1. Which number in (1) in contact with a helix residue (DSSP H, G or I) (Cβ under 8 Å, 6 or more places away or on another chain); (2) at pLDDT 95 or above marks the one condition that Leu109 misses?
2. If I go through the range 106-144 residue by residue, how many of them are away from the ligand (no atom under 13 Å from the Cβ) and crowded, with 17+ Cβ neighbours inside 10 Å?
3. Please determine, by comparing only the residues of the range 80-105 that are of a type in the set (S, T, N, Q) and closer than 19 Å to Leu31 by Cα, which one is farthest from the ligand (Cβ to nearest atom).
4. Scanning the range 47-102 for residues that are assigned to a strand (DSSP E or B) and of a type in the set (S, T, N, Q), which turns out surrounded by the fewest Cβ atoms within 10 Å (Cβ to Cβ)?
5. For Val108, all conditions in the list (1) touching a residue at least 40 places away in the same chain (Cβ under 8 Å); (2) in the same structural domain as Ala32 (by TED's automatic domain parsing) hold save one; what is the number of the exception?
6. Inspect the range 119-128 for any residue being touching a residue at least 40 places away in the same chain (Cβ under 8 Å), closer than 22 Å to Ala32 by Cα and part of a loop (DSSP other than H, G, I, E, B) and give the result as yes or no.
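The values are calculated or read from the model by the stated rules, or taken from the named source; none is laboratory data. Worth saying up front: this structure is predicted, and the values here are computed from it rather than measured. With ideal geometry, Cβ positions are generated from the backbone for all residues, glycine too; neighbour counts draw on all protein chains shown.
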Amino acid sequence: MSDKDQQLRVSKIQNGTVIDHIAGGQALNVLAILGIDGTSGDSVSVAMNMPSDRLGHKDVVKVEGRELSQDEVDVLSLIAPAATINIIRDYDVVEKGRVERPSVVEGVLECPNHNCITTENEPVDSRFAVGDDGVRCEYCDTIIRDDLPAHILAE
Ligand SMILES: [Zn+2]
């Protein structure tokens, strides 16, 4: 596919975010991270297992009318480290970038340890150090390896 085709495909939404190069099969987890379950009326399109030179298969998510926050991009990077984020305004790509794995994610994941200080009614934000094979709570050392989306704090 040529760059121009790519551009046309990406530009089909008027305003919003296109998340490209998500590892095949992770699109639904990306939606979970973004809190998109279809009830808010957001217009979302999902393409799964598209052929990709880089990844073999990739998923693509387009979210109309919404630009991702840095927090959202940070968590996204944990399950879709190769993803590219395209911000679309008025059918144009105004911003294009790869996600970067942060060294720490703060206030976005819930510690699974019920005795952890961050899960009590204390004004303590969760802090997880990001490693190669999971994230580690900086307060109680609990490690989350799988199913990160299930640990995302509700807004
Ligand atoms: Zn903890």
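1. (2)
2. 1
3. Asn86
4. Among residues in the range 47-102 that are assigned to a strand (DSSP E or B) and of a type in the set (S, T, N, Q), the one surrounded by the fewest Cβ atoms within 10 Å (Cβ to Cβ) is Asn49.
5. The single condition Val108 does not satisfy is (2).
6. No, the range 119-128 contains no residue that is touching a residue at least 40 places away in the same chain (Cβ under 8 Å), closer than 22 Å to Ala32 by Cα and part of a loop (DSSP other than H, G, I, E, B).
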